[in-house]
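Chemist: Provided herewith is a single structure, encoded as structure tokens, for subsequent inquiry.
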Amino acid sequence: MPESNPTSARTGSKVTLVGVLVNALLILLKFVTGIFGSSQALIADAVHSISDLFTDAVVLIGIKISNKPPDKTHHFGHARIETLASTIVGMALIGTALYIGIEASLTIYRHTEYHPTTLALFGAAVSIVLKEVLYHYTIRTGRRIKSQLIVANAWHHRSDALSSVAVFIGVAGTQINPSWHILDSFAALLVSFFIVKVGLEILRDALREFTDTAPKPEIIGKIRQCALSVNGVIDTHDLRVRTSGGLYQMEIHIVVDGQLTVLEGHKIAKAGEGCGVEEVGTFGSVGGEVEPGGVVRGEGGGG
């Protein structure tokens with residue numbers, strides 16, 4: 001959550017709790033319509049929704065802990081807890097996709113026949129609508145409060161919607177022609193590949209944060225050029241940027257005229273730091289050091 005913002009934390013918790021209620025409702029709906037509608041695919045989809053409840057719990061815990069301010073044992077705050085929670089969500093997505101893919105493959109291999117009724121079609125349709133609405137609500141909220149964790153959970157909602165699409169296609173196919181029963185399994189197999197892709201992308205982003213990977217060169221360039229455009233800034237060096245909890249953390253050394261007073265140099269340096277934040281946005285913390293012109297103490301090259 002940006003800058004340990006309690007408002008963002010409350011917003012993130014609210015959207016996640018809405019997801020919990022929707023998932024609980026869908027689990028009941030899918031099991032009932034799957035059992036009485038003779039659809040194994042819909043019952044499997046209900047299991048998928050149970051995994052959504054698990055990730056919702058992970059998200060709520062991640063929001064609560066990552067929003068804590070810095071303390072004696074965590075000098076830079078707890079934002080990496082959000083990164084860890086995103087990793088768990090990514091792994092849950094991949095695990096869910098593997099489950100769906102294996103079940104679909106076994107059904108295809110065994111030529112298992114299921115003949116679901118219209119009731120199962122209704123259950124799948126309701127699931128698609130609710131989960132797609134939940135996806136858009138969640139991802140918009142995650143992007144607005146700049147939470148990678150909420151965005152990752154939104155993709156878990158989308159994966160559930162897509163698996164329900166596969167169920168709907170399969171059930172609809174059997175309604176049109178009973179010999180098309182295998183269509184359900186092929187659609188589910190295709191969806192599982194998409195879900196794995198999303199899960200791997202979430203894990204990739206989390207790994208970049210854990211390894212303190214710098215953002216794209218364009219971001220570094222924007223920050224440096226903006227700082228240099230501030231009146232009184234002679235040069236910048238040792239610019240370092242990393243990502244934590246979906247937010248940038250920056251350190252920069254700003255060189256000013258050595259004849260200025262400490263107060264004047266400090267004001268110029270702060271303006272240089274603030275310029276970079278305004279240019280790029282999504283900053284969690286900014287650290288800077290002012291240096292008099294002619295004194296260069298770094299190992300160079302950061303910016």
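Residue-by-condition table, conditions (1) under 30 Å from Asp52 (Cβ atoms); (2) under 24 Å from the mean Cα position of the chain (by Cα):
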{"position": "Ser159", "(1), (2)": "yes, yes"}
{"position": "Val165", "(1), (2)": "yes, yes"}
{"position": "Ala187", "(1), (2)": "yes, no"}
{"position": "Asp235", "(1), (2)": "no, no"}
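So that you can scan it fast, the table gives a plain yes or no per residue for (1) at pLDDT 80 or above; (2) within 30 Å of Val151 (Cβ to Cβ); (3) of a type outside the set (A, V, I, L, M):
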| site | (1), (2), (3) |
| --- | --- |
| Pro217 | yes, yes, yes |
| Asn231 | yes, no, yes |
| Leu239 | yes, yes, no |
| Gly245 | no, yes, yes |
| Val255 | yes, no, no |
| Gln259 | no, no, yes |
| Val262 | yes, no, no |
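Chemist: Now a separate question. For region 37-54, give me each residue that is touching a Ser or Thr at 6+ places or on another chain (Cβ under 9 Å) and either within 20 Å of Val15 (Cα to Cα) or not in a helix (DSSP H, G or I) (or both).
Modeler: Residues satisfying the conditions are Gly37, Ser38, Ser39, His48, Ser49, Ser51, Asp52.
Chemist: Continuing with this model, one more query. Would you be able to say whether some residue in region 73-82 is open to solvent by 30 Å² or more (accessible area, probe 1.4 Å), assigned to a helix (DSSP H, G or I) and under 20 Å from Gly142 (Cα atoms)?
Modeler: Yes, region 73-82 has at least one match.
Chemist: Would you mind telling me which numbered condition in (1) out of contact with any helix residue (DSSP H, G or I) (no Cβ under 8 Å at 6 or more places or on another chain); (2) more than 20 Å from Ala187 (Cα to Cα) Arg143 fails?
Modeler: (1)
Chemist: For region 86-133, give me each residue that is open to solvent by 60 Å² or more (accessible area, probe 1.4 Å), out of contact with any Leu (no Cβ under 8 Å at 6 or more places or on another chain) and in contact (Cβ under 8 Å) with a residue 40 or more places away in the chain.
Modeler: Residues satisfying the conditions are Leu98, Tyr99, Glu103, His111, Glu113, Tyr114, His115, Thr118, Leu119, Phe122.
Chemist: Those residues that are without any contact (Cβ under 8 Å) to a residue 60 or more places away in the chain, over 20 Å from Val256 (Cα atoms) and assigned to a helix (DSSP H, G or I), I need them from region 212-246; list them, please.
Modeler: Pro217, Glu218
Chemist: Report every pair of residues separated by at least 6 positions or lying on different chains whose Cβ atoms are under 7 Å apart, first residue within region 148-167 and among the charged types (D, E, K, R), second open to solvent by less than 10 Å² (accessible area, probe 1.4 Å) and modelled with pLDDT of 85 or more.
Modeler: From residues that are among the charged types (D, E, K, R), the pairs are Asp160/Lys131.
Chemist: If a residue must be touching a Gly at 6+ places or on another chain (Cβ under 9 Å), over 30 Å from Lys64 (Cβ atoms) and open to solvent by 40 Å² or more (accessible area, probe 1.4 Å), how many such residues does region 230-257 contain?
Modeler: Residues that pass the stated criteria total 3.
The values are calculated or read from the model by the stated rules, or taken from the named source; none is laboratory data. Bear in mind the structure is a predicted one, so any value in this text is a computation, not a measurement. Counting neighbours? That spans all protein chains shown, and the Cβs are built from the backbone with ideal geometry, glycine included. Only protein heavy atoms, including side chains, enter the accessible area calculation; ligands, DNA and RNA are left aside. Shrake-Rupley method; radii C 1.70, N 1.55, O 1.52, S 1.80 Å.
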